[in-house]
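S.K.: One structure is given below, represented as structure tokens, and several questions about it will come after.
The values are calculated or read from the model by the stated rules, or taken from the named source; none is laboratory data. Keep in mind that what you see is a predicted model, and the values were worked out from it rather than measured. Positions of Cβ are backbone-derived with ideal geometry, glycine not excepted, and every protein chain shown enters the neighbour counts. Keep in mind that these areas ignore ligands, DNA and RNA; they rest on the heavy atoms of the full protein, side chains included. Shrake-Rupley method; radii C 1.70, N 1.55, O 1.52, S 1.80 Å.
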Amino acid sequence: MRSPWISFLALGVACGTSQATPTSTAGFKLQPFQIDLSSNLPRMLDLVRTTRLPAQSPYISTGSSAGISLGDLKALQDEWLTTFDWKKEEKSLNKFNHYTAQIEGLDIHFIHERSSSKDAIPLILLHGWPGSFLEFAPIINELTKTAKSASGKQISFDVIVPSLPGFAFSSAPPTNWTIDDSARVFNTLLKDVLGYESYAVFGTDWGSGVAYSMYDQFNTTVRAAHLAFLPFYPLNLEQLAAENITLSSLEGYEEANTKEWTSSGTGYFSEQTTKPNTIGLALYDSPVGQLAWIGEKFLNWSDPNAGHGPSVLSHNEILRSVSLYFLTETFASSVVIYAQNPHGFRSVYSKANNDAPLLFSAFKYNPGFWPPALVAKVGNLVYHKNHEFGGHFPGVDNPDALLADLRQIGDFWEVLP
Ligand SMILES: *[C@@H]1O[C@H](CO)[C@@H](O)[C@H](O)[C@H]1NC(C)=O
Ligand SMILES: *[C@@H]1O[C@H](CO)[C@@H](O)[C@H](O)[C@H]1NC(C)=O
Ligand SMILES: *[C@@H]1O[C@H](CO)[C@@H](O)[C@H](O)[C@H]1NC(C)=O
Ligand SMILES: *[C@@H]1O[C@H](CO)[C@@H](O)[C@H](O)[C@H]1NC(C)=O
């Protein structure tokens, strides 16, 4: 996600938390779901194999500043045909419990993993673009296990990870659809389909826009919100100074990275907001084309040490994300979210209609920067942590840190009487 000028673009007491009880879900056609994309797989691999790339880049000396490097693209193309194995990925992803439900005429795909604890906090994790439910795969099982928060409290979660409308296995929404509509559909999913009376929400990128909308619109059911991105325009240095906000050196780096984004990283944002059909159709049948367009974002928005240390954002992870887009034929419908939400970034910082706790996790290489004083303007900020490692896809780029931060929800969780 992001904006026109900047470009891009989850219990005092856990008791009292309602348990998921099968309610009258018949109307929602709730069904188990298994991933099987084998019919498109041979064609994808043929296309990857036969796609030619030039021997030399026309912009040979520009490094990564002109977009994905030819060397990175060729290496990824080669790995797609050699080390990468979609069938293996599919098998591992099918270990999760997947479902589909029909809400407001849309098929909504989601993973639902329950904790064995009856005090588990229901938590929905919302991805963005060019992400997917895959972004949270490394932390789903861990979240369901009972573990201690910083204050020593025993915390566990029932985890729900949907695909946004238009992404992966969720239907493409009508043209006039906005993130507020997705927010309503996900509140219905948690409340009416799964039977949770209250829950926590986490979001990043467009998912943060949906999560914030849920926090704002459904203040009796959304009783904690946690974001790693904010659907408000970041401020420039002058605007921050006018707010009397001073920056640490880490924050200074993040502010500069965001500024760099503003000046040279907004091409895709503008294209997807104004001409989504052109890029959507151009890359519809081109896996290597989608790899260049999407892979560039994974590479550029992540920690330089992605794939090492706490990060599991390897080339293999990028390839399975792009494969998911290609094999589900959803690249074109995914980019439409930009055109549908030209005001995805709000310009006026105002407080949500919700007194529930708001938590925020910042990651050094995320090209979007909001110091705590700004985040506090939009909700009841109770926790803010800035991480030296990780970027725009924290669920894969620093899963350990995101997991630890998500567990902090437990320290603040209280349901309404
Ligand atoms: C990301 O792209 C910007 C230009 O938009 C460039 O200055 C920067 O070096 C790139 N960073 C990485 C890690 O590729
Ligand atoms: C959006 O479009 C759908 C069908 O395409 C229609 O039923 C609905 O009334 C429209 N909503 C608005 C707010 O225009
Ligand atoms: C910033 O500080 C100055 C000087 O103390 C004060 O006059 C001004 O009102 C402050 N601005 C904000 C937005 O708090
Ligand atoms: C929910 O929002 C309404 C309308 O803004 C407000 O009156 C009410 O106090 C809010 N409730 C909670 C629990 O935040």
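S.K.: Checking the structure you have, find out if any residue of the stretch 303-313 is aliphatic (A, V, I, L, M), under 30 Å from residue 278 (Cα atoms) and either outside any helix (DSSP H, G or I) or within 16 Å of ligand 2 (Cβ to nearest atom) (or both).
M.R.: Yes, the stretch 303-313 contains at least one residue that is aliphatic (A, V, I, L, M), under 30 Å from residue 278 (Cα atoms) and either outside any helix (DSSP H, G or I) or within 16 Å of ligand 2 (Cβ to nearest atom) (or both).
S.K.: I would also like to ask the following. State all residues of the stretch 368-401 that are within 19 Å of residue 127 (Cα to Cα) and of a type in the set (A, V, I, L, M); if no residue qualifies, say none.
M.R.: 396, 401, listed by residue number.
S.K.: Conditions: (1) surrounded by fewer than 17 Cβ atoms within 10 Å (Cβ to Cβ); (2) among the acidic types (Asp, Glu); (3) in contact with a Leu (Cβ under 8 Å, 6 or more places away or on another chain). Residue 397 meets all but one. Number of the miss?
M.R.: The single condition residue 397 does not satisfy is (1).
S.K.: Considering only the stretch 246-253, I want to know if a residue exists there that is touching an Asp or Glu at 6+ places or on another chain (Cβ under 7 Å), at pLDDT 95 or above and within 16 Å of ligand 3 (Cβ to nearest atom).
M.R.: Yes - at least one qualifying residue is present in the stretch 246-253.
S.K.: While we're here: Out of 138, 130, report the one residue that is surrounded by 15 or more Cβ atoms within 10 Å (Cβ to Cβ) and closer than 18 Å to residue 406 by Cα.
M.R.: 138
Matching residues to (1) among the acidic types (Asp, Glu); (2) open to solvent by 10 Å² or more (accessible area, probe 1.4 Å):
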{"residue": "320", "(1), (2)": "no, yes"}
{"residue": "328", "(1), (2)": "no, yes"}
{"residue": "381", "(1), (2)": "no, yes"}
{"residue": "388", "(1), (2)": "yes, yes"}
{"residue": "392", "(1), (2)": "no, no"}
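S.K.: Is it the case that the stretch 338-353 has a residue that's within 16 Å of ligand 4 (Cβ to nearest atom), open to solvent by less than 40 Å² (accessible area, probe 1.4 Å) and either of a type in the set (Phe, Trp, Tyr) or more than 23 Å from residue 76 (Cβ to Cβ) (or both)?
M.R.: Yes, the stretch 338-353 has at least one match.
S.K.: Where residues in the stretch 183-227 are among the acidic types (Asp, Glu) and surrounded by fewer than 22 Cβ atoms within 10 Å (Cβ to Cβ), which of them is farthest from residue 399 (Cα to Cα)?
M.R.: 192
S.K.: Right, next: Examine the stretch 245-255 for a residue that is surrounded by 21 or more Cβ atoms within 10 Å (Cβ to Cβ), part of a helix (DSSP H, G or I) and not aromatic (Phe, Trp, Tyr), and state whether such a residue exists.
M.R.: yes
S.K.: I would also like to ask the following. Looking only at the stretch 154-192, filter to residues that are closer than 16 Å to residue 204 by Cβ and among the polar types (S, T, N, Q); which one of those is nearest to ligand 2 (Cβ to nearest atom)?
M.R.: Ranking the candidates gives 182 first.
S.K.: For residues in the stretch 146-177 being among the β-branched types (Val, Ile, Thr) and surrounded by fewer than 18 Cβ atoms within 10 Å (Cβ to Cβ), which is farthest from ligand 1 (Cβ to nearest atom)?
M.R.: 146
S.K.: For a quick check of your reading: which helices (runs of 4 or more DSSP H) sit entirely within the stretch 107-226 and have at least 1 residues that are hydroxyl-bearing (Ser, Thr, Tyr) and in contact with a helix residue (DSSP H, G or I) (Cβ under 9 Å, 6 or more places away or on another chain)?
M.R.: Here the list reads 179-188, 206-217.
S.K.: Let me ask another. Give just the number: which of (1) within 16 Å of ligand 4 (Cβ to nearest atom); (2) more than 19 Å from residue 121 (Cβ to Cβ) does residue 214 not satisfy?
M.R.: (2)
S.K.: Follow-up. Six or more apart or on different chains, Cβ atoms under 8 Å: show the pairs whose first residue is in the stretch 279-302 and within 16 Å of ligand 1 (Cβ to nearest atom) and in a helix (DSSP H, G or I) and whose second is open to solvent by 20 Å² or more (accessible area, probe 1.4 Å) and small (Gly, Ala, Ser).
M.R.: From residues that are within 16 Å of ligand 1 (Cβ to nearest atom) and in a helix (DSSP H, G or I), the pairs are 298/306; 299/64; 299/306; 300/64.
S.K.: Counting just the residues of the stretch 256-266 that are open to solvent by less than 70 Å² (accessible area, probe 1.4 Å) and assigned to a helix (DSSP H, G or I), which one comes out nearest to ligand 3 (Cβ to nearest atom)?
M.R.: Selected residue: 258.
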